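Undergrad: Let me begin by handing over the structure; questions about it come next.
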Amino acid sequence: RWQDEMERNPVAFLGRRSAALLREAREALAGFVGARADDLVFVPNATTAVDIVARSLPLQPGDEVLATDHEYGACDAAWQRACAARGATLRRVMVPLPFDRTRFVERVLAQAGPRTRLVFASHVASTTALVFPVAELCAAAREHGLLTLVDGAHAPG
């Protein structure tokens, strides 16, 4: 349907209709995920989103980013590049199997140090399909003054 409409009149669709359609889609998505529409941005994929954050985070030499050992390879690579470019370190937190949900937050934050700036975790790990308690992780990280980034690509479905 959308492709047909665009092909009938690309100038009108892209120049006049697309902004309103994207706004409507963002508002619908906001209601679905429990966020404010103004806080959502469309990107081509989750890896692009992670790369944008990794490249824009003002890391300094000696800073650390924590990530679980269950993260998607392309997202790991984004953090590796960003950390290497700034002299920071990507530290992997081992999350053993069988998975103990009750110890996850404690296990991750136990690895945080004075130079830790951000904790990165998937909501649903693409490699193992583990569902991590990211709401609890974000709340606990916030109490420690840490930023969090959650790869939520697999959570809605």
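Computed from the coordinates by the stated procedures, all read-outs in this text should not be read as laboratory data. Just so it is clear, the model here is predicted, and its values are computed rather than measured. Glycine gets a Cβ as well: all are built from the backbone with ideal geometry, and neighbour counts include every protein chain shown.
Undergrad: Rg/Rh for the chain to two decimals, with Rh computed the Kirkwood way over all alpha-carbon pairs. Spell out each step's value before the answer.
TA: On the way: Rg = 18.3 Å, Rh = 17.3 Å.
Radius of gyration over Kirkwood radius for the chain works out to 1.06.
Undergrad: Which residues in segment 35-65 place their backbone N less than 20 Å from a point set 7 Å from the Cα of residue 85 along the Cα-to-Cβ direction?
TA: 43-65
Undergrad: Ok, one more. In degrees between 0 and 90, to the nearest 10, how far off the longest principal axis of the chain does helix 73-86 point, with axes built from Cα atoms?
TA: The angle comes out near 70 degrees.
Undergrad: For residue 39 and residue 13, what does the FRET efficiency come to when R0 = 25 Å and r is the distance between their Cβ atoms, rounded to the nearest 0.05?
TA: Using R0 = 25 Å, I get an efficiency of 0.40.
Undergrad: How much FRET efficiency would the formula 1/(1 + (r/R0)^6) give for residue 115 and residue 94, where r is the Cβ-Cβ distance and R0 is 25 Å, rounded to 0.05?
TA: Numbers: r = 20 Å, r/R0 = 0.78.
Working from the Cβ atoms, E equals 0.80.
Undergrad: Moving to a separate point now. How much net charge surrounds residue 119 when only other residues with a Cβ under 11 Å from its Cβ are counted (Lys, Arg +1; Asp, Glu -1)? Please report the intermediate quantities before stating the final value.
TA: Details: positive: 91, 117, 142; negative: 64.
Taking every Cβ under 11 Å from that of residue 119, the sum is +2.
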